[in-house]
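Participant: Got a structure for you, written out below as structure tokens; questions coming shortly.
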Amino acid sequence: DVAPNSAASEAGLRGTNYDEEGELVLGDLIVAVDDTPIKSQADLFAVLDKKEVGDTVTIHFIRDEEEMQKTIELRLIE
């Protein structure tokens, strides 16, 4: 999920949600952080646990069958 007011949200990453008709809309699938492949939520947490607030990371993700990337600065969610 993408937390509101997070760096990921502000960078445009999309979480899974429901549309106006109640249909499930899949969000972005994170496949790597920097050069580290991500295959599970545990992989994602393991990579991010090694980072500090203020570090910059490149998130590689798939949206609508297209691989994309965004660079974000990590920060605490308020």
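Only the coordinates and a few stated rules stand behind these numbers; no lab work does. Every value quoted in this text rests on a predicted model; they were computed, and no experiment measured them.
Participant: State, to one decimal in nm², a quarter of the convex hull surface area for the C-alpha atoms of the chain, i.e. the direction-averaged projected area.
Facilitator: Over every viewing direction, the Cα hull of the chain projects on average to 5.6 nm².
Participant: Further question on the same structure: Report the extension gain between Lys39 and Lys70 in nm, rounded to one decimal, defined as 0.36 nm multiplied by the number of residues separating them, less their alpha carbon distance.
Facilitator: Net length gain for the segment: 9.4 nm.
Participant: Right, next: Could you name the lysines whose alpha carbon sits less than 17 Å from that of Lys70, not counting residues in the same chain fewer than 8 places away?
Facilitator: Lys70 reaches Lys51.
Participant: Only helical DSSP H runs with n ≥ 4 go in: add -39500 (n - 2.57) per run for the chain, normalise by residue count and round the 222 nm mean residue ellipticity to 500 deg cm²/dmol.
Facilitator: Calculated at 222 nm, the ellipticity per residue is -4000 deg cm²/dmol.
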